[in-house]
Amino acid sequence: MNRALPFIVFFVITLIGVGLSISLRTSTAERETAQLTTLLSEAVERTNERLATHITLLQATDAMFDATDNAINPTALARFVRRLEPESRYAGIHGIGFALLIRHGDEARAQALIRRAYDVIADIGSRPDAPFAAPIVYLEPQNARNLAALGHDLYTEPSARAAMTAALATGQPRASGPTTLPQEITRTKQPGFLIVLPVFGVRPPDAKPNDTMPAAGFVFAPFRAGEFFTATLWNGLPPLELHVYDQESPNVTLFETPGFGAAKSAVVSQAVEVAGRVWVFEGAFSRVGSYPLDLAPVATMLGSLLVAFALAVAVNAKMRTLAAVRELHRLSEQALVERDLMLGEMKHRIKNSIARILAIARQTAASSADLAGFTDSFTARLQAMASAQDMLTRSHWMRADLRGLLHKELQQVFGEDLALMHLAGPDVDLDERAAQAFGLIFHELATNALKYGHLTETGSTLAVNWRLERAGGRDTLHLEWRETSDYEVAAPDSTGFGTRLIRASIQGELNGSIERRFEGGGVVILIVAPLGQGT
């Protein structure tokens, strides 16, 4: 028995070491799962944000049609898309187009529209067994891929047809399932998808009298899935291996990183609804770290101490594991609540933005003399809103810097040469509402200064100074806009929409006041607006 005692102690310690190693391995796997869940949630949120932006572009295009004499005009669409700069500012989207909803027998009408707009003879074909056809008649910007897609009948593709049918029934944007886009004209092809939005209440081009259709057609955006996810997710090496597919078409991969198939860790998945479709995101790590545990034989006299130490380490590791599980559970519940709040806030902000765009479109149309004037004014004001939105998005919808917002709007109107402009004042953080309002205010003031202030002439200057005053527990912004030149500037006989928009933004949005003084050789504008709670 005494001779067997060393072997018995060694065997017991070995068993304890194996148990400790398993416990540590379990803790590592649980920590890895928590990290994977966090990274996968980030990928889902990035995708949601990018798709929400693209859907807003489609809704803005629909609003532009509504404001452009209630007609679908290819020239207006081309100018609108060109000003949006989708290829550089909204990476992942391959244009914005319009598919005309027609009955069979009207294919020649669609061909004539395409030839008139692009000087292209398109082969539309005919499927008399289908109730409708939806050929692509307009698609911007013009490039080789988009020109190749002109005339393609979206209604012939089952996934696109299902999306259009659902969109007609609900009036909401709908995404198609995985499909091969007509833009795939090279040997290297990617799965793609479409987002379609029905256009109601607008006169379709060359419509026949008394021709009743469910809608004029569809505003749509085509996406090459691989390029969309590459532009949406991470710059550089991704922190995890990712696989994305449509739940109804699991055999078609929308996106996959090169190392996903060789990943050695457990796979974590999340499902997310995308404009009526459900996408499944699967994430994994490419390799898992190892934590070898060396056990050495011990003497019989130290056996009990080593066993006690090993048990203490195992119990401690298990307690940390349980604590990590509880913390992971708490963080997961918190992440779900925050995600729901973020999605609700995003929907609310998108609705508000659409309402602003529609109001500006209607007011701009009412005050514009012609289509060109409307397009320029509407696009510029939409760009001012986009600049404020961009600054807010970079700060996670929290704050925007007054100086940066002002500099961005002046640079947009006057270009890179800002040497004659003096900006002075303390750092001021604006919340979302104030940033939107001041973005439009600065744009209108800069546009008026360029038109009427002679700021491009020698000896002309623009000085913008501001300060903060504290009263009643809240800061109040005092901003002075001073234009100076060698020319006499007189007060206008009437006010235009831009002036009314400035006054409405200051008084209605900011609860502030504005004073305008015309002095010899210039104009001075004084703006007073409370900041913080209550604006």
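Bear in mind that the values in this text are calculations on the coordinates, not laboratory data. As the structure is a prediction and not an experimental result, all values here were calculated from the model. As a convention, Cβ positions derive from the backbone with ideal geometry for all residues, glycine included, and neighbour counts pool all protein chains shown.
Figures for the structure shown
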{"read-out": "Long-range HN-HN contacts of Phe255 with modeled amide H, under 5 Å", "value": "Val244"}
{"read-out": "Highest to lowest packing among 216-229, 107-120, 492-505, scored as the average C-beta count within 10 Å", "value": "216-229, 107-120, 492-505"}
{"read-out": "Residues His94, His478, sorted so that the one with the fewest Cβ neighbours within 10 Å comes first", "value": "His478, His94"}
{"read-out": "Space enclosed by the convex hull of the alpha-carbon atoms of the range 370-530, per residue, Å³", "value": "123"}
{"read-out": "Sum of side-chain charges, Val202 neighbourhood, beta-carbon under 9 Å (Lys, Arg +1; Asp, Glu -1)", "value": "-1"}
{"read-out": "Sorted peptide list for 427-440, 159-172, criterion being average Cβ within 10 angstrom, highest first", "value": "427-440, 159-172"}
{"read-out": "Whole-angstrom Cα spans of the range 75-230 along principal axes, big to small", "value": "46, 30, 30"}
